[in-house]
Amino acid sequence: MLSTGLIAIDATILATAVPSIVRDLGSYQQFPWLFSVYLLAQAVSVPIYSRFADTVGRKPIIMLGIGLFLLGSVLCGFAWSMTALIVFRVVQGIGAGAVAPMSMTIVGDIYTVAERAKVQGYIASVWAVSSVVGPALGGLFAQLDAWRWIFFVNIPLCALAGWMLLRRYHEQTQKRRHRIDVGGAVLLTVGLTGIILGLLEGGNAWAWFSAPSLLCFGLGIVALVAFALVERRAAEPIIDFTLFSRRLILTTTVVSLGVGALMIGVTSFAPAYLEGSIGIAPLLSGLAVAALTLGWPIAAANVGRLYLRIGFRRTAIIGLSIASVAAIALALVARWPNPFSVAAIAFVLGFGLGWSAAPTLIAAQASVAWGERGAVTGMNAFARSAGSAVGVAVFGAISNAMIARGAGPQDPATIVSASTGVFIAAAVVAVLTLAAATLMPRDGAMAGDELPD
């Protein structure tokens with residue numbers, strides 16, 4: 001719970017302070033990079049950590065992640081430019097790549113499926129508290145012109161989480177020797193970086209159909225194709241594509257991809273939308289977006305009893321149906337910025353996501369043994385992080401393009417127009433993710449630790 005708290009607070013504390021950071025360090029067009037590079041580093045490192053976790057155990061990996069997250073936080077707090085802050089966010093993201101999936105994997109190791117329904121409530125309570133504390137702290141630090149404390153506040157949290165894990169968590173590992181796929185990791189990093197760089201800087205730093213743009217997209221596509229070919233021959237691939245032959249793993253991974261993109265589309269852009277359009281204080285914009293991360297844990301805390309009764313697939317479909325309705329509603333009302341309507345819709349959206357993310361993850365975990373659980377959990381976490389990283393790049397490209405055609409980031413009408421485009425794209429993602437959930441295998445009520453056909 002303490003380790004999850006690090007990631008949960010970081011997920012909400014930064015967005016509310018973006019305008020303050022931009023005023024201090026400059027470059028509004030670059031702010032999506034603060035989220036994208038963090039999520040990219042997290043996404044790429046997750047499968048590597050997951051492989052190591054199946055070798056040396058979960059505890060050393062989560063401790064390493066906490067240490068790197070702490071180092072990245074300290075460096076971010078001392079950043080002297082937007083470029084430096086973006087680079088230091090990479091270090092934070094590499095640490096988060098260990099903390100987030102290891103927390104979920106440890107829960108999968110020490111509790112049965114039925115017990116996880118209850119434990120999910122405890123984990124959800126962390127997100128519930130963080131959903132209020134994160135935006136409140138971020139908005140407060142922004143208003144006090146002390147945004148650097150957004151990162152310094154992680155120092156005592158990291159120390160406490162690390163100390164508790166050292167003292168209280170004792171694991172029994174099933175050690176196996178593994179060969180880490182370094183080539184695959186490099187190709188995946190180059191591929192995703194090229195695509196994200198092209199999306200965020202196309203139409204901004206250079207024209208869409210210019211040589212730099214074509215180089216970024218071309219390099220990214222070639223690297224990802226090469227990655228897919230290398231993974232087919234690797235002894236122990238970063239992403240085991242053979243797992244995708246299992247319909248449950250494939251569909252739950254696609255759902256995680258969509259959930260990551262949908263969540264980042266609202267939490268990263270809604271604060272700037274409210275502050276730039278109607279000029280409300282960062283603290284208030286943060287609390288409006290906090291409704292999403294409050295609805296999520298409330299749903300996650302209660303969803304266990306539902307999926308044990310009606311099954312994973314039906315629960316996920318219900319949750320994503322709710323999320324789709326909310327995402328469409330946000331796109332429809334975006335022309336009339338109002339913190340209360342954003343908060344209400346964000347709460348419903350978060351509730352729907354919370355009612356779908358947990359069942360899909362637990363279904364995937366329950367379908368494999370200990371030796372594959374780290375890889376499957378890592379794949380789920382990778383998909384969510386990759387979806388968020390690419391999602392924020394796509395949404396950032398939409399926003400930057402519309403701002404470039406308008407009167408600039410200082411014009412409220414332009415901000416409203418750009419944000420509306422982002423929210424329409426998020427609604428499309430929500431509907432596609434719902435479609436993926438309908439393709440999950442049918443299942444019935446759960447019993448013990450067995451996944452029904």
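List of remarks:
- Share of pairwise Cα separations in the stretch 282-363, more than 22 Å, in percent: 27
- The stretch 185-291: Cα Rg divided by the 2.2 N^0.38 Å rule of thumb: 1.44
- Taking amide hydrogens as placed 1.01 Å from N in the peptide plane, the amide H of residue 79 sits under 5 Å from that of no residue at least 5 positions away in sequence or on another chain.
- Solvent-accessible surface (1.4 angstrom probe) belonging to residue 403, in square angstrom, nearest 10: 10
- Most positive-pole-ward Cα, 73, 61, 341, against dipole of the chain from beta carbon charges: 61
- Spatial offset of the stretch 39-108 relative to the stretch 376-444 amounts to 23 Å, using the alpha carbon center of each.
- With the convex hull constructed from alpha-carbon coordinates only, the stretch 1-157 shows a mean projected area of 8.8 nm² over all directions.
- Dividing the summed helix terms, -39500 (n - 2.57) for each DSSP H run of n ≥ 4, by the number of residues in the chain produces a 222 nm estimate of -27500 deg cm²/dmol to the nearest 500.
- Helix 82-110 and the long axis of the chain differ in direction by around 30°, with both axes built from C-alpha atoms.
- Accessible-area composition of the stretch 1-153, carbon plus sulfur, in percent [1.4 Å probe]: 73
- Largest first, the three principal axis extents of the alpha carbons in the stretch 59-115 are 48, 18, 12 Å in whole numbers.
- Global dimensions of the stretch 222-352 from alpha-carbon coordinates: Rg and Dmax equal 18.6, 55 Å.
- Degrees, to the nearest 10: 282-310 long Cα axis against longest axis of the chain: 20
- Residue 109 contributes about 40 Å² of solvent-accessible surface, heavy atoms of the protein only, 1.4 Å probe.
- When the alpha carbon gyration tensor of the chain is reduced to an equivalent ellipsoid, its three semi-axes come out at 32, 24, 23 angstrom, largest first.
- Cα long-axis angle, helix 247-267 against the chain (0 to 90 degrees, to the nearest 10): 30
The values are calculated or read from the model by the stated rules, or taken from the named source; none is laboratory data. Please read these numbers as outputs of a predicted model, since none were measured by experiment. Because the Cβ atoms are built from the backbone with ideal geometry, glycine has one as well, and the counts that use them run over all protein chains shown. These area figures cover heavy atoms from the full protein model, side chains too; ligands, DNA and RNA do not enter into them. Shrake-Rupley method; radii C 1.70, N 1.55, O 1.52, S 1.80 Å.
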